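The values are calculated or read from the model by the stated rules, or taken from the named source; none is laboratory data. None of the values given here were measured: they were computed from a predicted structure. When we count neighbours, we look across all protein chains shown, and the Cβ atoms used for this are built from the backbone with ideal geometry, even at glycine. All accessible areas refer to the heavy atoms of the entire protein, side chains included, with ligands and DNA or RNA removed. Shrake-Rupley method; radii C 1.70, N 1.55, O 1.52, S 1.80 Å.
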Amino acid sequence: MLTQDHTIVIVGAGLAGAKAAQTLREEGFPGRVVLIGEEAERPYERPPLSKGLLLGTADRDTVYVHAEGWYAEHDVDLRTGTRVVDVDRGARQVLLADGERIGYDKLLLATGSSPRRLDVPGADLDGVRYLRTLPDSDRIGRALADGARVVVVGAGWIGLEIAAAGRQRGAHVTVVEVADLPLRRVLGPQLARVFADLHRRHGVVFHFNSGVREFRGDGRVASVVLTDGTELPADAVVVGVGITPNVDLAERAGLAVDNGVVVDESLRTSDPDIYAAGDVANAYHPVLDRRLRVEHWSAALTGGPAAARAMLGQQVSYDRLPYFYTDQYDLGMEYIGHADPDGYDSVVFRGDPTAGDNPEFIAFWLADGRVLAGMNVNVWDVVDQIEPLVRAGHAGKPVDVAKLRDPMVPLGDLA
Ligand SMILES: Cc1cc2nc3c(=O)[nH]c(=O)nc-3n(C[C@H](O)[C@H](O)[C@H](O)COP(=O)(O)OP(=O)(O)OC[C@H]3O[C@@H](n4cnc5c(N)ncnc54)[C@H](O)[C@@H]3O)c2cc1C
């Protein structure tokens, strides 16, 4: 049992870290809570960085996880602009960049992830940008000016959201992607085409099956040369080719690391006093019966609190299904569950994904008639009904596929 003489240190002041601190106080932990983050800002949420903030429709104040005074009011020692450089497990201390050591009884690693960098000639030119932080979003927002020529490298979620924001701001947007469709690995070809069509309708030009050979420019990027030799003029470039988990501290501390910090279903690492949550955690998932690292907002929102409860000694089995959402132009979508790219045998639709300019439908990924994941596009308030289908599917129970397709059968009747 932890008392007021104990200290819990949280490394990483993003969403997972901030929500963990909040839960510690809500659960009545009376001891010291230290929340350490290397960014200058207090904890904030990243989804608006590629949506409302780029479009100028979201107020900057709305991105923060807590009001400015919350940390002091709840006796959370928030250290911004502070990097943890080492974890000394023997002494149970974290070492800060300025040499200070802070002792812990329990430690949470919520260090998130970093954009994968392109390693090609010219990658360091000014104007070649990545999107992870508020200052990144501010700089990219300024580059998406009316008439600007913007090249987005990577047609994943972030790349497509930037493309949408760029078009809505009047920029000329070209997207370069190594695959033959956007989001192909995540969604499969049928749904990938829905997103390709959506963006084409809004004037995005795609270069598929194409990589970047080099960026050219004199100090500042002026063009992007593709692997087939095509040269695209560019006033700005944004690269969104995936992220890598920030595991360096865990690795140096000798914790088990494998595509993230390896944790059990209570989010505990190979050291019983150290936990991990959010983008950095590769957690055993009791419903999916496998380890999974989820790089989405909801995993940070709910994983931070779950780790906090586990650190307080509560019995925790973190079994939230992976969930994420996107907004692009007028399209809004939510996805729940998990289907590996080669782990499903069919995609079943309720509604027609090709109907009109902004179709309303639900897609289900199935294996042997079992629902592995569901995605509602422009259809709302159905996630709670899809979730039991996904849980049943992962538990080995098939669904009546004819009824799944039939919009006249309430989803709630299928579970
Ligand atoms: C632009 C953008 C848009 C997104 N949109 C969506 C969306 O629409 N839907 C969705 O589901 N998800 C979205 N995501 C993903 C979601 O934001 C992440 O999954 C979430 O931020 C993960 O939270 P986290 O707390 O685990 O990590 P992070 O938010 O990365 O926070 C970790 C923090 O730890 C700090 N840190 C790392 N190492 C150290 C150290 N050694 N010392 C001190 N501090 C350290 C980092 O600086 C960072 O501030 C988006 C992400 C981005 C970047």
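Assorted remarks:
- Ordering of 20-29, 158-167 by packing [mean C-beta count within 10 Å, highest first]: 158-167, 20-29
- The chain - share of DSSP beta bridges that are antiparallel (%, nearest 5): 60
- Equivalent ellipsoid semi-axes, the range 294-407, via Cα gyration tensor eigenvalues times 5, rooted, Å: 28, 19, 11
- When ASP218, ASP75 are compared by accessible area of protein heavy atoms, the largest-first order is ASP218, ASP75, using a 1.4 Å probe.
- Local electrostatic count at ILE36 - Lys and Arg +1, Asp and Glu -1, tallied over other residues with Cβ under 9 Å: 0
- Using the Cβ-Cβ distance between ALA256 and ARG220 with R0 set to 25 Å, the FRET efficiency works out to roughly 0.05.
- Database remark: amide H of SER210 closer than 5 angstrom to the amide H of GLU177, VAL178, ALA179 (H placed geometrically; neighbours at sequence offset of 5 or more, or on other chains; Pro and chain starts carry no H).
- Relative to the Cα centre, the charge distribution of the range 216-295, modelled as +1 at Lys and Arg Cβ and -1 at Asp and Glu Cβ, gives a dipole magnitude of about 20 debye.
- Accessible surface area normalised per residue over the chain is 43 Å², counting heavy atoms of protein chains with a 1.4 Å rolling probe.
- In percent, rounded to a whole number, the relative contact order of the range 145-294 is 18, using alpha-carbon pairs under 8 Å and six or more apart.
- Contact order normalised by residue count of the range 292-390, Cα under 8 Å, 6+ apart, percent: 21
- Here the Karplus relation 6.51 cos²θ - 1.76 cosθ + 1.60, evaluated at θ = phi - 60°, turns the backbone of the range 113-127 into coupling constants of 8, 10, x, 6, 8, 7, 10, 9, x, x, 5, 8, 4, 4, x Hz, with x for every Gly and Pro.
- Among residues other than LEU134 with Cβ under 15 Å from its Cβ, the summed charge is -1 (Lys and Arg +1, Asp and Glu -1).
- Accessible surface of the chain, 1.4 Å probe, proportion on carbon and sulfur as whole %: 45
- Efficiency of FRET from Cβ geometry, SER114 and GLU73, R₀ 35 Å, rounded to 0.05: 0.65
- Cross-link reach list, lysines versus LYS106, counting only Cα pairs under 17 Å and skipping chain neighbours closer than eight places: LYS19
- Based on C-alpha pairs under 8 angstrom that are at least 6 apart in sequence, the chain has a relative contact order of 14 percent.
- Computed lengthening from ASP86 to ALA395, 0.36 nm per intervening residue step minus Cα-Cα distance: 107.2 nm
- Taking all pairs of distinct alpha-carbon atoms in the chain, Kirkwood radius in angstrom: 22.7
- By the compact-protein rule of thumb, 2.2 N^0.38 Å, the alpha-carbon radius of gyration of the range 65-212 corresponds to a ratio of 1.41.
- Proximal aspartates and glutamates relative to LYS403, as straight alpha-carbon distance under 16 Å, when same-chain residues fewer than 8 apart are discounted: ASP352, ASP368, ASP413
- Helix-only mean residue ellipticity at 222 nm for the chain, each DSSP H run of n ≥ 4 adding -39500 (n - 2.57), per residue, nearest 500: -6500 deg cm²/dmol
- Karplus-derived 3J(HN,Hα), 6.51/-1.76/1.60, for each residue of the range 172-177, Hz, glycine and proline x: 8, 10, 10, 10, 10, 9
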